[in-house]
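The structure appears below as structure tokens.
The values are calculated or read from the model by the stated rules, or taken from the named source; none is laboratory data. Small disclaimer: the values here were computed from a predicted structure and weren't measured. Glycine also receives a Cβ, built like all others from the backbone with ideal geometry; neighbour counts cover every protein chain displayed.
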Amino acid sequence: MTTRKDYPAVQTLLQQPALDASLRRIAEKILQQERITPDEGLTLFEKGDIGFVGALANHVRERMHGDKTYFNRNFHIEPTNVCIFTCHFCSYSRLYKNREDGWELSIDQMMDIVKKYDNQPVTEVHIVGGVHPKMQLDFFVELIKQIRAHRPDLHVKGFTAVELDYMFRKAKVSVDEGMRILNEAGLQSMPGGGAEIFHPDVRAKICHDKVDADGWLGIHKAAHKLGMHTNATMLYGHIETFAHRIDHMERLRQLQDETGGFNTFIPLKFRNKGNDMSDIPESSIVEDLRLYSIARLYMDNFPHLKAYWPMLGRNTAQLTLSFGVNDLDGTIDDTTKIYSMAGSEEQTPSMSTAQLAMLIKQAGRKPVERDTVYNEIKDYSDVAFSEEELLTK
Ligand code: V47
Ligand code: SF4
């Protein structure tokens, strides 16, 4: 019997005499746990087929995490969909277009959402929205304080670097000072949104008016300096080239070498409904799986790779678990609109713990509930769920 240590899929690949020499060298480096260079990353995109990169990524995933697949129990709050920026891929923002569909929640309305989860075992609230010109630093400091006072056990993960950059500039505070104020109010970590593609040539075309790469990275660095953990995303599958993807991942890998503050890398597949980039076809599932695999191989200092299931759909999310992914985000249970408006099949994304754990088990993996910073809460491998639990959201 072969054991996982024999990594049969990878060995089979290496035994193929016709294997390209540069791919063989990359595979050998990965098996020896050596870092691959930007040029080698590019070679993987240009020459690595799904079977090749997938087998290697699965090997790395299992070396790091075995079969463990993490999820958490969270809910989202979107304070507003009004946004002063004009990202062309965005189907969500309402300011210049469809202003009548805009919403903005008061602190009391957001606290009502938090209170809906009283007595429920959620561990995280994820707060992200548009950049509303009137929602400023003081407003969010007050919101965070009220959430922490009402429910001290709830981890507050909030605000993309785009929202923070605006808040700090409006409040005329430095990035370090602004992060300190929010952290003292009770903000514990940050999601990875707003990164898109860092390269200025792409940013100029898809999101010219929001924070640039250095600004985004500087805000995450300031959070890391305070001991906060953050995530990083990459919006792929639109006008970017393979070289732009490598440039994006390289900048993140370098900051991670310096701070070690990133938890998770989250590739976000561009969805083309209801935005200014609807003429761009969406990436194929083969390209999605190749991208996840290469991300796992390139981002060697990121502990976790997440597939955000509301965006990908449940079946594809299940497949990614064999292509490097070891995290499926959370039960979510919310009214998140950013993806349903961009064409995701999940109109009101919500899965119960039983459904999410079952989805992971069906893919042959081990479902483990985690908190935001990956402390393990419960292993669901041997938990039997009733039919009712599997059917109820
Ligand atoms: O930055 C916007 C993306 C992001 C589209 O850190 C789109 O745990 C695809 O970052 N097609 C915000 N994507 C969401 C985000 C996130 C989500 C889940 C978990 C975490 C985390 C972070 O949504 C934006 C942008 O890249 N987005 N429009 C679109 N049409
Ligand atoms: Fe605003 Fe974010 Fe949409 Fe850009 S992606 S327009 S920053 S809500």
Residue hits (region 282-308; charged (D, E, K, R) and out of contact with any Ser or Thr (no Cβ under 8 Å at 6 or more places or on another chain)) are Glu282, Glu287, Arg290, Arg296, Asp300
If we ask which residues in region 143-178 are in a loop (DSSP other than H, G, I, E, B) and either of a type in the set (A, V, I, L, M, F, W, C) or out of contact with any helix residue (DSSP H, G or I) (no Cβ under 8 Å at 6 or more places or on another chain) (or both), their number turns out to be 7
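Residue by residue, here is whether (1) near ligand 1 (Cβ under 10 Å from one of its atoms); (2) touching a helix residue (DSSP H, G or I) at 6+ places or on another chain (Cβ under 6 Å); (3) more than 28 Å from Leu143 (Cα to Cα) holds:
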residue	(1), (2), (3)
Ala185	no, yes, no
Pro191	yes, no, no
Arg203	no, no, yes
Asp209	no, no, no
Ile219	no, yes, no
Leu226	no, yes, no
Ala232	yes, yes, no
Glu258	no, no, yes
Arg271	yes, yes, yes
With the first residue restricted to region 150-162 and required to be under 19 Å from Glu78 (Cα atoms), and the second required to be among the charged types (D, E, K, R), Cβ contacts under 6 Å at 6 or more apart or on different chains are His155/Glu124; Lys157/Glu124; Val162/Lys210
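Would you point out which residue out of Ile280, Ile294, Ile266, Ile285 is aliphatic (A, V, I, L, M) and touching a Pro at 6+ places or on another chain (Cβ under 9 Å)?
Testing whether each residue is aliphatic (A, V, I, L, M) and touching a Pro at 6+ places or on another chain (Cβ under 9 Å) leaves just Ile266.
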Across region 334-362, the tally of residues that are modelled with pLDDT under 85, over 16 Å from Ser284 (Cα atoms) and either within 16 Å of ligand 2 (Cβ to nearest atom) or surrounded by fewer than 21 Cβ atoms within 10 Å (Cβ to Cβ) (or both) stands at 14
Of Asp112, Asp49, the only residue that is of a type in the set (Asp, Glu) and either assigned by TED's automatic domain parsing to the domain that holds Ala27 or crowded, with 18+ Cβ neighbours inside 10 Å (or both) is Asp49
Scanning region 52-91 residue by residue, those within 30 Å of Asp153 (Cβ to Cβ), surrounded by 21 or more Cβ atoms within 10 Å (Cβ to Cβ) and more than 17 Å from the chain's Cα centre (by Cα) turn out to be Pro79, Asn81
- Task: Kindly indicate whether any position in region 239-254 is in contact (Cβ under 8 Å) with a residue 60 or more places away in the chain, surrounded by fewer than 23 Cβ atoms within 10 Å (Cβ to Cβ), over 13 Å from Phe45 (Cβ atoms) and not acidic (Asp, Glu).
- Result: no
Among residues of region 28-51 being among the aliphatic types (A, V, I, L, M) and closer than 30 Å to Gln362 by Cα, the residue farthest from the chain's Cα centre (by Cα) is Leu31
Expected single match for buried (at least 23 other Cβ atoms within 10 Å of the Cβ), more than 16 Å from ligand 2 (Cβ to nearest atom) and assigned to a loop (DSSP other than H, G, I, E, B) among Leu187, Leu182 is Leu187
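Please find, among Thr233, Thr264, Thr259, the residue that is surrounded by 20 or more Cβ atoms within 10 Å (Cβ to Cβ) and touching a His at 6+ places or on another chain (Cβ under 7 Å).
Details: Thr233 fails: touching a His at 6+ places or on another chain (Cβ under 7 Å); Thr259 fails: surrounded by 20 or more Cβ atoms within 10 Å (Cβ to Cβ).
Answer to the selection: Thr264.
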Flagged in region 196-207 as within 11 Å of ligand 2 (Cβ to nearest atom) and not in a helix (DSSP H, G or I), in numbering order, are Glu196, Cys207
